[in-house]
Ligand SMILES: [Zn+2]
């Protein structure tokens with residue numbers, strides 16, 4: 001049995017599950033997102049190249065992926081540190097940092113931020129979406145990929161001794177590519193060896209979450225210890241949502257703070273507002289899924305930091321929790337979503 005059994009693994013070492021406190025289960029503190037750059041609309045080229053200024057903020061909020069500088073969250077370590085100190089003050093305890101290979105994971109920075117702020121930070125093992133896979137990754141067998149992921153959890157990743165405490169976010173596109181399928185199978189095999197938490201980024205299609213879970217299941221993964229991210233841009237129909245929920249994964253609403261009219265990555269999507277997200281949580285609770293819900297902001301660009309007029313890492317604690325309570329969700333259920341469910345998920349078997 002690995003030494004991680006019964007514990008949570010942070011970038012500073014193992015902790016008792018009760019030490020976590022309120023936990024955001026899907027955030028990024030340093031990463032780059034150039035892989036997802038979207039060309040600006042005709043006529044917007046000037047805005048896309050201009051420095052970030054107050055008068056451009058609304059454009060930036062609606063077109064975050066067309067502004068190159070905005071995709072470089074790794075340039076904002078000081079601002080992120082300030083945010084984490086505010087997050088602690090607001091009652092936050094822990095953050096799962098989902099940056100994986102392909103979008104510039106930086107474990108020494110995560111360790112430094114954890115030391116300087118007192119926030120428990122849990123890092124992610126494995127690989128992001130196919131467009132970020134190297135030729136070397138694409139050629140690897142499932143066994144080789146499994147060995148690498150296991151090593152990132154047991155011994156440390158990226159040539160450091162800093163260990164990952166979850167596998168993911170594991171990136172998948174739609175349709176899921178061959179290379180992504182291998183990574184999913186490797187994820188399931190590593191999870192079988194380690195008894196660790198897993199988190200998946202689905203492709204932008206309503207069938208994507210279910211398909212990713214099926215591949216994990218067939219490879220022996222523990223779905224009850226797996227999180228499906230980004231449901232707020234994936235499944236809208238309540239009946240389809242309940243069908244997916246029956247598969248048994250955690251259901252994560254992790255784009256709190258994101259309110260856009262035209263979702264740049266999929267114009268067919270009507271992105272939920274925060275109010276609709278809270279309504280969806282209340283619906284899932286009524287349907288009996290309060291033990292399965294997790295929430296976060298998935299901050300991955302500069303414009304969502306308070307430094308750039310964004311909502312920051314404390315938005316859920318400061319604004320969403322009061323809204324949940326005023327919409328019939330009890331304090332006990334809020335605590336489940338923010339404390340108990342993350343704890344259950346993050347504790348190694
Ligand atoms: Zn993410």
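No lab work stands behind these numbers, since they all come straight from the coordinates. Computed from a prediction, not measured in an experiment: that's the story for all the values here. Positions of Cβ are generated from backbone atoms using ideal geometry, with glycine treated the same way; all protein chains shown enter the neighbour counts.
Relative contact order, whole percent, for region 158-270 stands at 23, derived from Cα pairs under 8 Å and 6 or more residues apart. Over region 223-349, the hull volume per residue, using the convex hull of the C-alpha atoms, is 117 Å³.
Placing a label point 7 Å from the Cα of residue 116 along the Cα-to-Cβ direction, the residues of region 53-86 whose backbone N falls under 11 Å of that point are 76-85. Taking every C-alpha pair closer than 8 Å and separated by at least 6 residues, the mean separation divided by the residue count of the chain gives a relative contact order of 22 percent.
Shown is the FRET efficiency for residue 19 and residue 86, computed with R0 = 22 Å from the Cβ-Cβ distance and rounded to the nearest 0.05: 0.60. Compactness check for region 195-269: Cα Rg over 2.2 N^0.38 Å is 1.12.
Mean sequence separation of contacting Cα pairs (under 8 Å, at least six apart), scaled by the length of region 207-292, corresponds to a relative contact order of 26 percent. On the principal axes of its alpha carbon atoms, the chain extends 56, 49, 43 Å, with the longest extent given first.
Ranking of 178, 152, 97, 143 by neighbouring Cβ atoms within 10 Å, starting from the fewest: 178, 143, 152, 97.
The stretch between residue 330 and residue 260 holds 22.3 nm of extra length on full extension. This uses 0.36 nm per residue minus the Cα-Cα distance. Stretched out straight at 0.36 nm per residue, the stretch from residue 37 to residue 134 would grow longer than its current Cα-Cα span by 33.1 nm. Estimated from helical segments only, the mean residue ellipticity of the chain at 222 nm is -9500 deg cm²/dmol, where each DSSP H run of four or more residues counts as -39500 (n - 2.57). Subtracting the Cα-Cα distance of residue 207 and residue 192 from 0.36 nm times their residue separation leaves 2.9 nm of extension gain.
Counting neighbouring Cβ atoms within 10 Å and putting the fewest first, the residues 303, 26 line up as 303, 26.
Ordering 35, 196 from the fewest to the most neighbouring beta carbons within 10 Å gives 35, 196.
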